[in-house]
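Computed from the coordinates by the stated procedures, all read-outs in this text should not be read as laboratory data. Values in this document were obtained by computation on a predicted structure and should not be read as measured data. All Cβ positions, glycine included, derive from the backbone under ideal geometry; neighbour counts span all protein chains shown.
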Amino acid sequence: MDLLEQSVPILLKGMAITIFLGATSFVLGFGLGGLIALARISRFALLKVLSIIYVSVFRGTPLLIQIMLVYFGLPQLGIQISPVPSAILTFTLYSAAYLSENFRGGILAVEKGQWEAAGSMGMTYSGTLRRVIFPQALRIATPAIGNRFIALMKDTSLASVVTVVELTRVAESVGSSTFRYVEAFVVAGAVYWLINSVLSVGQELLERRMGRAYA
């Protein structure tokens, strides 16, 4: 019990950084993923090819390697970046690749008749996407998007390798100072579980609300 009492302040700080990393990266990745999805369904071949390559690279390589390349690679290009921004940048690029596929799947799942109906009403391509397709695609993709957010929260633990003092790094520090690694990581694991349990409940409530809105 003494370990828990002594570790509460530092664990809370680590939890706050973990939530900050995950939430910030998800919001940025959400926006970037939407743009990549648009490029993927674009009529312009170059945009489509570039988006395919982007998704393939970030989904096909380990996240840990991406983190190391951004953190150690950018300074060699003359771009100085500290641990937290480098982690956010990597998580954003990584999550955007997956979210773009979630968006694209949602868009493709919308019936083609919706496009035709909007066109017959004189709506432009961008107007059809914004007012007709996107709302339905977002509802369809919500479960996958929510799962990606939860996965990203767990992935933030990898930021510890570039000295970001998030929850996993804090647990390691507590374990090394007390020689009670098991208890430290059990507590950290419980905090991750608590965070993701809250996110899961929020996701379920959002899905129900969106389901009622389109019922």
Span from the region 152-207 Cα centroid across to the region 61-139 one, whole angstrom: 26
Nearest 10 degrees is fine. How inclined is helix 2-40 to the longest principal axis of the chain, computing both from alpha carbons? 20
Could you give each residue of region 126-137 its phi-based ³J(HN,Hα) in whole Hz, using Karplus coefficients 6.51, -1.76, 1.60 with θ = phi - 60°, and x for Gly or Pro? 5, x, 5, 4, 5, 9, 10, 7, 4, x, 6, 5
11 Å beta-carbon shell around residue 96, net charge (K/R +1, D/E -1): +1
What angle do you read, to the nearest 10 degrees and between 0 and 90, between the alpha-carbon axis of helix 45-60 and the longest principal axis of the chain? 30
Normalised by the residues of the chain, what does the relative contact order come to in percent, with Cα pairs under 8 Å and at least six apart? 28
What value, in deg cm²/dmol to 500, does the helix sum -39500 (n - 2.57) over DSSP H runs of n ≥ 4 give at 222 nm once divided by the residues of the chain? -28000 deg cm²/dmol
Using a simple charge model, +1 on the beta-carbon of Lys and Arg, -1 on the beta-carbon of Asp and Glu, nothing else, what dipole does the chain show about its Cα centre, in debye to the nearest 20? 860
With only Lys, Arg, Asp and Glu charged, each at its Cβ (+1 for the first two, -1 for the last two), find how big the charge dipole of region 129-215 is about the Cα centre; round to the nearest 20 debye. 600
Using alpha-carbon positions, the gyration tensor of region 129-197 gives root eigenvalues a ≥ b ≥ c; with a/c under 1.5 called rounded, otherwise prolate if a/b exceeds b/c, else oblate, the class is prolate
Contact order relative to length of region 62-173, as percent, for alpha carbon pairs under 8 angstrom and 6 or more apart: 30
Mind pulling the angle between the C-alpha long axis of helix 63-76 and the longest principal axis of the chain? Nearest 10 degrees, somewhere in 0 to 90. 80
